[in-house]
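The next block holds one structure in the form of structure tokens; read it before the comments.
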Amino acid sequence: MKHTASRLVYTVIVLFVSSVAVFYAIRLSGGDATAAALPGSATEEFREEFRDRLGLNEPIYQQYFTYMGRILSGDPGNSLTNNKALTTMLSEHGRNSLILGGTAFGLVFLVGVPLGIVASLRRNSWADQGIMSMSTVAMAVPNFWLALLAVWLFASRLGWLPSAGCCGPKHLILPAVVLAFEGIALTVRMTRSSMIESQNSDYVRTLRAGGLSEWRITCKHVLRNALIPIISLAGLRIGQIVGYALIVETIFGWPGLGQVLVNAVLRRDYPVAQFFSLVLVALVVVGNWVADTGYTIANPRLRKSS
Amino acid sequence: MSFVESKIGPGESAPGPEKTPVLEIEDLRISIASAGSSFEVVKGVSLTVCENEIVCLVGESGCGKSMTALSVMGLLPRGVARVTEGKINYEGLDLLSLQSRELRRLRAESISMIFQDPITSLDPVFTIGSVLQEVVRSHRNVSRAEAKEIAVRALVQAELPDAADRLDSYPHQLSGGMRQRVMIALAIALDPRVLIADEPTTALDVTVQAQILENLRARQREREMGMLLITHDLAVVASVADRVAVMYAGEIVEEAPVEELFADPQHPYTQGLLRALPDISVSRAGLYSIPGRVPSPQTPPPGCLFAPRCEHVLDSCWEGNPELKREANRSLRCFNPQPFEVR
């Protein structure tokens with residue numbers, strides 16, 4: 001409990017620091033907000049007045065607090081390009097992103113952990129070597145290239161799946177697999193090494209000496225111990241998926257947060273870029289906190305400290 | 001005192017002549033394979049442990065004591081070490097020829113083992129009660145409540161303080177000594193006939209060592225178990241052993257009842273070990289150590305394995321390794337035994 005609480009404090013601090021960083025980075029990115037919102041023919045006085053109205057002439061720390069105040073009160077503002085409320089955009093695109101990201105996250109563990117277990121139990125067999133070489137390839141392949149390859153093969157050549165779009169299960173398969181690919185590979189390798197380490201541990205020898213069956217030792221004791229480091233790194237997988245989502249959503253035309261963010265940056269739609277950057281940062285930070293809590297639950301050494 | 005003249009007879013704690021063997025190791029050979037080559041680490045060890053008897057296996061690290069013990073349990077590290085020859089008999093069963101399932105049934109139920117490092121030897125994510133009960137229930141068809149009762153009884157016997165309240169403790173909540181008591185409880189819960197303890201006190205505080213040893217001996221005596229105690233600590237040997245086997249470089253070099261071994265050690269290695277015991281009345285500068293090092297199992301010396309370190313070495317010692325000769329109730333592997341002189 002103490003551990004979880006202290007991690008929560010830490011999480012809040014990280015959220016604050018990263019919100020300052022995002023806010024400041026958007027200011028530093030240059031360009032002119034009026035360029036996106038106003039027609040090219042607008043006069044300089046009109047632009048100046050527009051900046052005044054948006055509060056862009058205030059000191060930057062004041063702008064930050066005004067802005068955070070508005071976000072916390074549930075009104076982050078509107079898009080500059082189409083005047084849509086950001087909250088509406090968040091709920092529309094956020095849902096799509098959750099579907100895609102959640103599926104990818106699920107795949108990472110539902111595929112990665114079992115493959116890693118198989119590799120560890122059949123160490124040095126053809127199955128192990130096959131799984132391990134595949135995972136090496138999967139880690140080396142950049143996902144934008146994989147995405148294009150997947151589109152070419154499964155959409156253009158074979159015509160099994162749509163190349164882009166939203167939001168049925170058929171549309172989900174390619175982007176979710178591409179998004180999960182590297183995470184699966186990393187999880188396979190980690191599960192394998194973690195399982196092997198656990199199998200060779202002294203406590204497993206004790207359980208063998210106690211006459212428990214290999215099957216029982218593996219399924220209950222080895223696996224349970226091996227999962228601890230995997231859970232502890234689940235937070236990293238969240239960050240990875242969020243980062244890759246920008247690329248994968250754009251390539252597959254999946255209307256999620258990543259796509260919105262990329263478009264906003266390209267169009268200098270500052271409120272959108274800023275808000276959605278913050279949302280993604282918050283998602284990663286909170287995700288890490290959840291993973292950390294899971295780690296605490298899985299590891300009795302942290303659970304109670306008596 | 002010469003070999004023949006030495007007084008033979010059971011000591012106060014030694015079992016009588018009618019003792020029955022429970023564990024017999026015959027000409028055991030164990031090889032380790034590493035990086036393409038393989039070499040022998042246990043070279044024809046024979047050892048008998050009888051009912052109600054504590055046999056100590058003594059020797060320095062790497063002499064093959066632990067490998068011998070692990071082979072009895074069928075727990076040699078897989079793919080690394082394997083038994084190449086020999087027999088291990090437990091009540092008429094050859095353990096080496098058993099199916100893994102049959103061997104598994106014997107573990108904990110008939111033959112138990114306690115390991116050196118209690119800190120790493122208990123599963124950190126399960127409570128000690130759940131592991132104890134799991135072991136009990138994997139052998140006996142008993143209810144949860146009965147398994148719990150057996151677990152508590154075992155912990156009480158292992159003298160874990162507040163045993164009943166400790167079932168829900170995780171290993172990290174216990175001290176090293178308490179964890180070793182849990183290991184003892186795991187080993188004796190099902191009332192085995194043979195208990196193997198591999199350096200059970202080496203990793204513990206000196207203050208706890210004596211208590212753990214005393215507890216082990218008490219359980220061994222009341223259950224009349226045969227116990228194989230592996231140690232490099234002669235003080236441990238002196239306090240609990242009935243019989244002692246001294247191992248050097250994968251071979252037994254001397255075996256004798258404990259009183260006789262300490263009164264009249266005959267192998268130069270045993271004599272060196274005794275001489276190396278620090279004596280509180282002697283200044284620190286006088287600490288003795290056996291010169292040289294244990295030969296590498298990959299490149300053993302010709303002849304007697306101890307010849308390079310022996311102070312009574314003869315020319316003939318380099319020509320062949322002496323046989324282990326049995327005489328009365330002790331055995332010796334030496335061409336040139338000399339009387340022991342304390343220096």
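The values are calculated or read from the model by the stated rules, or taken from the named source; none is laboratory data. In this text, all values refer to a predicted model and were calculated from it rather than measured experimentally. All Cβ positions, glycine included, derive from the backbone under ideal geometry; neighbour counts span all protein chains shown. Areas reflect the complete protein model, heavy atoms only, side chains present, ligands, DNA and RNA absent. Shrake-Rupley method; radii C 1.70, N 1.55, O 1.52, S 1.80 Å.
For chain B, modelled as a GNM whose springs connect Cα atoms under 10 angstrom apart, the maximal fluctuation among B:Tyr269, B:Tyr90, B:Tyr170 occurs at B:Tyr170.
Converting phi to 3J(HN,Hα) with the Karplus coefficients 6.51, -1.76 and 1.60 and the offset θ = phi - 60°, the stretch B:117-125 yields 9, x, 5, 9, 8, 10, 4, x, 9 Hz in sequence order, with x at every glycine or proline. Taken about its Cα centre, the protein assembly as shown carries a charge dipole of roughly 2160 debye when the Cβ of each Lys and Arg holds +1 and the Cβ of each Asp and Glu holds -1.
Using the C-alpha gyration tensor of the stretch A:250-306, what are the square roots of 5 times its eigenvalues, in whole angstrom, with the largest one first?
For the stretch A:250-306, the semi-axes come out at 37, 12, 5 Å.
Given R0 = 45 Å, the distance between the Cβ atoms of A:Ser193 and B:Glu319 translates into a calculated FRET efficiency of 0.35.
Near B:Thr48, the amide H atoms lying under 5 Å from its own belong to B:Ile25; only residues 5 or more places off or on other chains count, and H is placed 1.01 Å from N.
Solvent-accessible surface of chain A, averaged per residue with a 1.4 angstrom probe and all protein chains in place: 51 square angstrom. Summed over both chains, the accessible area lost when B and A associate is about 2300 Å², using a 1.4 Å probe. To the nearest Å, what is the center-to-center distance of the stretch B:81-134 and the stretch B:304-335, using C-alpha atoms only? If we compute the Cα centre of each part, the gap is 35 Å. With a Cα cut-off of under 30 Å and a minimum spacing of 8 residues unless on different chains, the lysine pairs in chain A number 4.
Mind checking which of A:His3, A:Gly210, A:Thr293 is farthest towards the positive end of chain A's charge dipole, using Cβ charges of +1 (Lys, Arg) and -1 (Asp, Glu) about the Cα centre? Checking the options against the dipole of chain A, the answer is A:Gly210. Quick one: grab the alpha carbon gyration tensor of chain A, order the square roots of its eigenvalues as a ≥ b ≥ c, and give me rounded if a/c is under 1.5, else prolate or oblate depending on whether a/b is larger than b/c. Taking the square roots of the gyration eigenvalues as a ≥ b ≥ c, chain A is oblate.
Taking all protein chains into account, the per residue accessible area for chain B stands at 45 Å² (1.4 Å probe). Taking a sphere under 14 Å around the Cβ of A:Ser79 and counting the other residues whose Cβ falls inside, with K and R at +1 and D and E at -1, yields a net charge of 0. Would you mind pulling out the separation of the Cα centroids of the stretch A:65-140 and the stretch B:172-192, in Å? The two parts, judged by their Cα centres, are 45 Å apart. Between B:Glu51, B:Glu85, B:Glu251, where does the largest GNM mean-square fluctuation fall for chain B, given springs only between Cα atoms within less than 10 Å? Looking only at B:Glu51, B:Glu85, B:Glu251, the biggest GNM fluctuation is shown by B:Glu85.
Evaluating kT/(6 pi eta Rh) at 4 °C and 1.567 mPa s, with the Kirkwood radius of chain B over Cα pairs in the Stokes-Einstein relation, gives 61 µm² s⁻¹. The Cβ shell under 13 Å around A:Ser133 holds other residues with a net charge of +1, Lys and Arg each +1, Asp and Glu each -1. Taking all Cα pairs closer than 8 Å and separated by 6 or more residues, the relative contact order of chain B comes to 20 percent. Near the amide H of B:Tyr288, within less than 5 Å, lie no amide hydrogens of residues on another chain or at least 5 residues away, with H placed in the peptide plane.
Note on chain B: with a GNM built from Cα contacts shorter than 10 Å, the maximum mean-square fluctuation among B:Arg217, B:Arg101, B:Arg29 falls on B:Arg101. Evaluated with a Cβ-only charge set (Lys, Arg +1; Asp, Glu -1), the stretch B:200-343 carries a dipole of roughly 260 debye about its Cα centre, given to the nearest 20.
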